[in-house]
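Asker: If you scroll down you'll find the structure; I have some questions about it.
Taken together, the values in this text are just the output of simple stated rules run on the coordinates, not laboratory data. Keep in mind that this is a model prediction, so the values were computed, not measured. As a convention, Cβ positions derive from the backbone with ideal geometry for all residues, glycine included, and neighbour counts pool all protein chains shown.
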Amino acid sequence: MKIKKGDWVRVYRVIFTPDQRAPQVPDDTKKVPLEMWVKGFCQSDAQIGDEVEILTITGRKEHGKVVELEPTYKHSFGNYVPEITQIGITLKEILFGGDDNER
Amino acid sequence: MKDNSYSAVMGRKNDIMKKAIGIDYAVFEDDGIGFDYERMMRETGYSLEEMQEIQGRTGVGNTPLLELRNITELARKMAAPGKGARIFIKDEASNPSGSFKARRAANAVYHAKKLGYKGVIAATSGNYGSAVASQAAMQGLKCIIVQETFDSKGVGQPEIVEKARRCEAYGAEVIQLTVGPELFYEFLLLLEETGYFNASLYTPFGIAGVETLGYELSMQCRERYGKDPDVVVCTNAGGGNLTGTARGLIKAGAVETKIVGASVDLSGLHMASDTQFNKKSFTTGHTGFGVPFATVPDRSDVPRSAARPMRYMDRYVTVTQGEVFYMTEALAQLEGLEKGPAGNTALVAAFSIAQEMDEDQIIVVQETEYTGAGKHIQPQLSFARDNGIEIMFGNPKAQVPGENIILPSHPSLIKAVDLDLDKLKRSLIKNAISSRAEKKLGDKDLMYLITETKTDKAYVLSVLKELGIDL
C-alpha cells in the first residue's frame, strides 16, 4: 500500500526487548517485548512496513514501523451473548410476575 | 545523548516529577514515617467553593441523584420483613466526559493551566484519560494519554480500546503499550520530553476535585429527605474516589454516614501478566488495585498520594465479575438506565448491604459511568467468551477469576463479601514502618498511624508491639 507524505498513519515500535525489561516484570511478560503504537502524519512517502517519522496530533516527532494507513476503530458490541437476554426475563418475572414468585 | 535505559530514567524520577507537578512534597514530610496530609491538601488543593466554581465553569458536577425504586423493591423481596434500605445512584455519567473522573480532571487541568503548562499527560487506561482529554479540550491545553492496551498478541480489551477512541475524539494523543509496569518509564520520558504537567490521579487537586461529589450527595439527601445518607458505597481501585467522596461528606458535616468500599474480586490474577491481561473482564475497580493501594497508598506516580482510603473506610467488600455484569443488566432492564459495568461494582454491594438495613434508611451508590461500543456488558462478555472464559448461570461465589464468569442464577445469590479490614490496617502499619530506616517511633509517628488507619492509640500500640517496635 502506497503511503504519501502527510497521510494519517499508525506506527509501531519496540520500546524494550525481552532482555531490557524491568526487573519486577512477571516471568511470562519478561518473555515478550514492550511494544508501542501511536498515530500521526507520515513525514515521508512510504510503504507499509517501512521505518518512518511521524508528527503526532500534539506536534511531537515519533518514529517506528508504519503498520496502518488511515487507522480506524474496530471495536464493537461483540457477538450476541444469550445469557444477557435471560437476565431481564428472570428479573421481571421475579419483580412483576405474580404471587408464585414471592417469598 | 541522554541515557534512556530503564534504570537511568527511573533514577531521574524525582527530578522529572518535581518539574511536572509543581509541588515540593518534601515540605510536608515529618522527621519520622509520616507527613502532614491535611496541610498538603490545604496548601496545594482548593477550597470547596473554588472547586465548585472551577468545575461549574466546564459543566462538571451537580449530577442527579436517582432513586432506584425497582431495584430497591427487588432487594426487599430478598430481605427479611422491614429490611431493605432505599437505594439511590448518583448519575456521574452525566458529567461531560461520562464519569466522576471529570471532577478530578477539571481541577488538575485548571491547575496545570494556572501554572503555565502547555499540556497535560496522564497514564491511564480508564475513564480518567477521557476526563483529562475532555478538560484539556475545554481549557485549551495539549493532552497525551499513555495506556496499557494490548497483550503480546496485539489483542486489546474492548473497554480500553474504546477509551482510546474517546480520548482521540477530544483531540488527545494516545500512546498505546503492551502489558507491563514500564508504562511508567514511558510516562516519565514523555514528561521530560514535553515539559507538560503530570495530571496524576493522585495529586491533591485531583482528589480534592471529588470532594464536591460527597458534598453534593449530602446536600441532595438533606434537601429531599431531611437527612444525610446512612451509607455511601464507593467503587474502589486507587482509592481517590472513596477518599474524595468521604472528605466531601465530612466537609458537609455528614460525619455519621458510613463509607463502604467495593471492589471486584480478581484474586489470583497478576495485573502485570501478559498471559492473564485479557483473562480479566474488569480493567479497574478491582482488588488488583484496591488492596495494594489501600495498604501502600504511596505506590502511585507521586511521592505522597492524596488518595488515602483507609483513613475513611468503615467497611470494604468484594463482589464478583458475574454479579456486576448481572446488576448492570438489572439497572438497564428495571430502571431504564444503561451504564458501563465498572461503575456498577458499588451497586452490587449496595443491593446486598441494603438488605441488612432498615426500610427507612438510605444507601447511595455514588457513581455511574458512560457506556458504548466496547465499554458495555455485551462486548465485554463476548470478549471474555472469545478468550476462553466460561460464562454461565450459577452461584457467583463459585467463580474462579480468569477461568469463568458466573452470573447469579437468582438475585438472592448476590452477596457482598467482607474483606478483613483489621488485616488491611495491620498491613498498612507494617508497610508504613518498613518504608523508613528508623526503628524507633515517636509520638508524631503514632498519631500518623492512628489517622492513617482510622483507629485509636491502643490499636496501633498493640499492632506495633506485635511487630516488635518500641516507642
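Asker: May I ask for the angle, rounded to the nearest 10°, between helix A:82-96 and the longest principal axis of chain A, with both axes built from Cα atoms and the value confined to 0 to 90°?
Answerer: 40
Asker: Relative to the present Cα-Cα distance, how much length would full extension add between B:S412 and B:K83 at 0.36 nm per residue of separation?
Answerer: Full extension from B:S412 to B:K83 adds 117.0 nm.
Asker: Using θ = phi - 60° and the Karplus relation 6.51 cos²θ - 1.76 cosθ + 1.60, list the HN-Hα couplings for the range A:44-50 in order, rounded to whole Hz, with x at every Gly or Pro.
Answerer: Running phi through 6.51 cos²θ - 1.76 cosθ + 1.60 with θ = phi - 60° gives 7, 5, 7, 10, 3, x, 6 Hz.
Asker: Now for a separate question. Please list, by residue number, everything in the range A:15-51 whose backbone N is under 15 Å from a paramagnetic label point 7 Å out along Cα→Cβ of A:K65.
Answerer: In the range A:15-51, the label zone of A:K65 (backbone N under 15 Å from the point 7 Å along Cα→Cβ) covers A:15-18, A:33-38, A:47-51.
Asker: Based on DSSP, what percent of beta bridges with both residues in the protein assembly as shown are antiparallel, to the nearest 5?
Answerer: Roughly 45 percent of the beta bridges in the protein assembly as shown run antiparallel, per DSSP.
Asker: Please report the antiparallel percentage of the DSSP beta bridges confined to the range B:8-157, to the nearest 5.
Answerer: Counting DSSP beta bridges with both partners in the range B:8-157, the antiparallel share is about 50 percent.
Asker: If each residue of separation counts as 0.36 nm, what is the full-extension length gain between B:D31 and B:S94 once their alpha-carbon separation is subtracted?
Answerer: That pair, B:D31 and B:S94, stretches by 18.2 nm at full extension.
Asker: Can you compute the label reach from B:K227? Point 7 Å from Cα along the Cβ direction, backbone N cut-off under 18 Å, restricted to the range B:355-393.
Answerer: What the label zone holds, given the 18 Å backbone N cut-off, is B:355-365.
Asker: Report, in deg cm²/dmol and to the nearest 500, the calculated mean residue ellipticity at 222 nm for chain B, where each DSSP H run with n ≥ 4 adds -39500 (n - 2.57) and the sum is divided by the residue count.
Answerer: Helix-only estimate at 222 nm: -13500 deg cm²/dmol.
Asker: Quick check on the exposure proxy: order B:R12, B:R86, B:R103, B:R166 from fewest to most C-beta atoms within 10 angstrom.
Answerer: B:R12, B:R86, B:R166, B:R103
Asker: Here is a further query. Picking from B:L141, B:M1, B:N278, whose Cα lies most toward the positive end of the charge dipole for chain B (charges on Cβ: Lys, Arg +1; Asp, Glu -1)?
Answerer: It is B:M1.
Asker: Net charge around A:L34, counting only other residues with Cβ within less than 13 Å of its Cβ (Lys, Arg = +1; Asp, Glu = -1)?
Answerer: Computed value for this residue: -3.
Asker: A further question follows. Listing B:I353, B:I469, B:I363 from the residue with the fewest other Cβ atoms within 10 Å to the one with the most, what is the order?
Answerer: With the sparsest Cβ surroundings first, the list reads B:I469, B:I353, B:I363.
Asker: Quick one: work out the % antiparallel among DSSP beta bridges in chain B, nearest 5.
Answerer: Approximately 20 percent, going by the DSSP bridge assignments.
Asker: Suppose every K and R has +1 on its Cβ and every D and E has -1 on its Cβ; what is the size of the dipole of the range B:99-239 about the Cα centre, in Debye to the nearest 20?
Answerer: Dipole magnitude for the range B:99-239 comes out near 500 debye.
Asker: Once phi is turned into ³J(HN,Hα) by the Karplus curve 6.51 cos²θ - 1.76 cosθ + 1.60 with θ = phi - 60°, what whole-Hz value does each residue of the range B:399-411 show in order, with x for glycine and proline?
Answerer: 5, 10, x, x, 10, 8, 10, 10, 7, x, 6, 8, x
Asker: Calculate the translational D of chain A in whole µm² s⁻¹ from Stokes-Einstein, where the hydrodynamic radius comes from the Kirkwood formula applied to all Cα pairs, the temperature is 25 °C and the viscosity 0.890 mPa s.
Answerer: Value of D from the Cα-based Kirkwood radius: 137 µm²/s.
Asker: With only Lys, Arg, Asp and Glu charged, each at its Cβ (+1 for the first two, -1 for the last two), find how big the charge dipole of the protein assembly as shown is about the Cα centre; round to the nearest 20 debye.
Answerer: 880
Asker: Between B:H286 and residues 5 or more places away or on another chain, which pairs have amide H atoms under 5 Å apart, with H built 1.01 Å from N, and which residues are they?
Answerer: Under 5 Å from the amide H of B:H286 lie the amide H atoms of B:V264, each far enough along the sequence or on another chain.
Asker: Per residue of B:379-386, how many C-beta atoms from partner chains lie within 10 Å of its own C-beta, taken as a mean?
Answerer: Average per residue, whole number: 4.
Asker: From the phi angles alone, apply the Karplus equation (6.51, -1.76, 1.60; θ = phi - 60°) to the range B:346-362 and give each ³J(HN,Hα) in whole Hz, x where the residue is Gly or Pro.
Answerer: Values per residue, Gly and Pro as x: 5, 5, 4, 4, 5, 4, 6, 5, 3, 6, 8, 9, 6, 4, 8, 8, 10 Hz.
Asker: Between A:Y73 and A:M1, with labels modelled 7 Å along Cα→Cβ, what's the label distance in nm to one decimal, could you check?
Answerer: My value for the distance between the label points is 1.9 nm.
Asker: If you place +1 on the Cβ of every Lys and Arg, -1 on the Cβ of every Asp and Glu, and leave all else neutral, what size is the dipole of chain A about its Cα centre, to the nearest 20 Debye?
Answerer: Dipole of chain A, to the nearest 20 debye: 660 debye.
Asker: When only Cα pairs under 8 Å and 6 or more residues apart are kept, what is the percent relative contact order across chain A?
Answerer: Dividing the mean separation by the residue count of chain A yields 28 percent.
Asker: Could you tell me the calculated FRET efficiency between B:L467 and B:V400, based on Cβ-Cβ distance and R0 = 35 angstrom, to the nearest 0.05?
Answerer: In this case the efficiency is close to 0.55.
Asker: State the extension gain, in nm to one decimal, for the chain segment bounded by B:E43 and B:K457, taking 0.36 nm per residue of separation less the distance between their alpha-carbons.
Answerer: Stretched out fully, the B:E43 to B:K457 stretch lengthens by 146.3 nm.
Asker: Now a separate question. Can you give the FRET efficiency to the nearest 0.05 for A:V14 and B:M447, using r as the Cβ-Cβ distance and R₀ = 41 Å?
Answerer: 0.25
Asker: For A:W37, A:W8, what ranking results if the residue with the fewest other Cβ atoms within 10 Å of its Cβ goes first?
Answerer: Ranking A:W37, A:W8 by Cβ neighbours within 10 Å, fewest first, gives A:W8, A:W37.
Asker: Pairs of Cα atoms under 8 Å, at least six residues apart: use those to get the relative contact order of chain B, whole percent.
Answerer: Computed over chain B, the figure is 18 percent.
Asker: Right, something else. Test of the criteria: in the range A:1-78, which trypsin sites (Lys or Arg not before Pro) are in a DSSP loop and have at most 16 other Cβ atoms within 10 angstrom of their Cβ?
Answerer: Filter output for the range A:1-78: A:K4, A:K5, A:K31, A:K74.
Asker: Along the Cα-to-Cβ line of B:D15, 7 Å from the Cα, sits a label point; which residues in the range B:181-196 have backbone N less than 20 Å from it?
Answerer: B:184-196
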